1. Quick one: if you stick a label point 7 Å off each Cα along the C-beta vector at residue 13 and residue 281, how many nm between them?
2. Using 1/(1 + (r/R0)^6) with R0 = 45 angstrom and r between the beta carbons of residue 140 and residue 247, what's the FRET efficiency to the nearest 0.05?
3. Which of the peptides 233-239, 145-151 is most tightly packed, and how do the rest follow, going by the mean number of other Cβ atoms within 10 Å of each residue?
4. Could you let me know the centre-to-centre spacing of the range 42-59 and the range 65-121, using Cα atoms, in angstrom?
5. Mind checking the full-extension length gain between residue 288 and residue 263? Use 0.36 nm per residue of separation minus the Cα-Cα distance, one decimal, nm.
6. Below 8 Å, C-alpha to C-alpha, sequence gap of six or more: please give me the relative contact order for the range 102-165 in percent.
7. Along Cα→Cβ, 7 Å out, is where each label goes; now give me the distance between the ones at residue 133 and residue 4 in nm to one decimal.
8. Helix 8-18 sits at what angle to the longest principal axis of the chain, using alpha carbons and giving 0 to 90 degrees rounded to 10?
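Derivation of every value follows stated rules applied to the coordinates shown; laboratory data play no part. If you're wondering where the values come from, they're calculated on a predicted model, not measured in any experiment. Note: ideal-geometry Cβ built from the backbone for every residue, glycine included; neighbour counts use all protein chains shown.
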Ligand code: SF4
């Protein structure tokens, strides 16, 4: 296939060869893989964008806590927060607000787009929708940026992992942060190489992050970890656009992430037996959720 890639180096070579962006290569590769026309692939992503917007709208409308009581109301709380000296920039604040809305909607069993997973579903959409608003980008640009992030996610999924159960939270929220960092960078006019620098910097910053959901629920620390991933993605994109490079190339960072994930004990891979899940609070929530002391 003309646009097939399995690593960052191969994808970067394809952008060089065709003189185009990561999003274009990913769109063409996806069309080839699914035997669809490019326009159909774009239409499908536009449909997912609509699902994301509905999740944000519904998430913003509700402030009640989830059934577990672990999440809910923070999207509205952050919207209302207007300090005299806003040290957190508006696009980042908006991105986190959108992310909270999506994650809170998920915790109420609403429909979301796993991006790349449910636990990390707020990071890429939050970053891209907030950045598109700040930069005055239309839906066509937004959909392309979603494909940029998808290209990065495909590489990580093929060469490492994307699930907390196999690689810890670095694989979920860390990957989402890398995907968002690359997409933000392309959306802002960065080169393909700068996109990969941003992805490498973002993923490095979250290497080793464990998966320790309290009560085994995708709420705490998941909701707020998406906020961490968003701030990390904006930071990485800015560094890359400033010309700062990662000392370790993207593909090697992915390899490191895979090796760290494989050496993580099971207690820190979504079993709710270690980390925050094993704190006094975590145990109390587990008993409340499971209805026993086991
Ligand atoms: S802590 Fe685990 S379940 Fe929660 S977002 Fe991270 S990887 Fe997903």
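1. 4.9 nm
2. 0.80
3. 145-151, 233-239
4. Computed from Cα coordinates, the inter-centre distance equals 16 Å.
5. Working it through step by step, the gained length comes to 5.9 nm.
6. Relative contact order of the range 102-165: 24 percent.
7. Each label point lies 7 Å from its Cα, and together they span 4.2 nm.
8. 40 degrees
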